[in-house]
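First comes the structure, then the notes that go with it.
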Amino acid sequence: MRPVAIAVVAAMALAPATAVQTTVAAAAGTLFESVPFVLAGLALAAASARWATRTVPYLGCGCGTGPSARSLPAALATWLLFGPLVAAARLAAAVAAAWLLARRAPRCCSHGEHASEPGEHSALAQLQSIAPLAIVGGAVAPAFVAFAGLAHVPPPVAFAAGALAGFAIAPCALGAAGLGACLRSAAPAAALGFLCVAGIADLRAFVRPRARPEMHDAVAYALLAAGCAFVAWRGGDTLVHPRFALPLWGSAVTFSWLAWRRRFEQAPPLRWGPAMMLVTAVLGAPAPQYHATQTTLARAFAGEHVDFTGVVTRTLGATALVRFAITCCRADAAPVVLRLQRGLPDRAGPWVRARGVIVQTPAGLRLRVDRYRTIPAPADPFVYR
């Protein structure tokens, strides 16, 4: 993982500042999303290591390490989005992948128990293990969403791109279901490839916390406490879904206690991830940039009345309203695009609230705008599934 992370960081150094900000924000969002589940897993491990090992991967959203599609809440979401067969297939494949990975892990004794690494019992170590793949996912996700939406991409190429993106982005299981649903109508082959890999045999599945001589750092815990409190106070701070606010308050209290309890312990290498999270939360980051894709509102039908708020985009002679939707965190943010039957005046925008009716045209479904008005940019540019 380290060479991959170094390569991504080197690429970010050459990338435009906005792209770097977006990547860092997506990575920080992934880490904030992971925090409550990492702490919950450690709490269960303190009670019973065997029970926690068997249950935590199935009870959370799949934002830890290992095949994330073992998450039962995500399996339910996949059932609702794609049906029972797809949900059952992903769950079974993830369980099988976890079993195969466990068989390859070193064994410490004749009883067949897996060796326990010191890093497995430290929240800092687990977050440090997730951080590189969070950076990789934050860098790859926007490019994949833009590519998947291109017209006339051969299905085998789209499937391969989806599979590669699923491996590199490695979102949590709920995020994978959300991205797959977003891609389904515009690029079904890419969505299929993505769902066949993401959560089953992606980077997250192969990441294991690395043992370190010192696994606790008071400064890192203090940075995490401040970052979690700030994001919770801001209702998610456009980094995670607002439903994470309450768990993040609890995480802030826990990290404050750990900072006091471990106040004499230092491990400076463990500080960069928490520092990135806090700085990103305080400074904020721009919304992802939209690149012309074929993504549109799912399940829309001719005659439907729509009230939609978004950014006006004009590409390839067409006008559309765009807003990004988040399932869990910014790493799974995907554009929701509503194309207009006719263009809007140049003075309209950048943010517009439009009301109208979905109509069928030779180019597909479009919104016939009956009335619109320019509005100030909302405090939160995202919508949440």
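FYI, it's all coordinate maths here, none of it is from the lab. If you're wondering where the values come from, they're calculated on a predicted model, not measured in any experiment. Every residue, glycine as well, gets a Cβ built from its backbone with ideal geometry; the counts of neighbours run over all protein chains shown.
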Just want the ordering: W233, W79, from fewest to most Cβ atoms lying within 10 Å of their own Cβ.
W233, W79
Calculate the spin-label point distance for D370 paired with W272, positioning each point 7 Å from the Cα along the beta-carbon direction, and give it in nanometres.
5.6
Using only Cα positions of the range 305-384, each an equal point scatterer, no hydration layer, compute I(q)/I(0) via Debye at q = 0.12 Å⁻¹ and quote the log10 values to two decimals.
-0.34
Per residue Cα convex hull volume for the range 223-288, in cubic angstrom?
77
How far, in nm, would the chain grow between Q289 and R353 when pulled straight, counting 0.36 nm per residue and subtracting the alpha carbon separation?
21.1 nm
Inter-probe distance in nm under a simple model that places probes 7 Å from Cα toward Cβ, at A377 and A89:
4.2
Hey, can you rank 129-140, 275-286 by average C-beta count inside 10 Å, highest first?
129-140, 275-286
Rounded to a whole number, what is D in µm²/s for the range 58-105 from Stokes-Einstein with the Kirkwood radius over alpha-carbon pairs (10 °C, 1.306 mPa s)?
148
Karplus-derived HN-Hα couplings along the range 317-327 (A = 6.51, B = -1.76, C = 1.60, θ = phi - 60°), whole Hz, x at Gly and Pro
x, 10, 10, 8, 9, 10, 8, 8, 10, 10, 8
Length gained when the stretch V157-V253 is fully extended (0.36 nm per residue, less Cα-Cα span)
29.8 nm
Given the peptides 335-342, 67-74, arrange them by the average over their residues of other C-beta atoms within 10 Å, most packed first.
67-74, 335-342
Taking the range 240-385, the equivalent ellipsoid from its C-alpha gyration tensor has semi-axes in Å, biggest first, of 42, 15, 13
Residue separation between R263 and A96 times 0.36 nm, minus their alpha-carbon distance, gives in nm 56.0 nm
Got a sec? Which residues in the range 309-335 would a label at T361 touch, if it sits 7 Å along Cα→Cβ and we count backbone N under 18 Å?
309-323
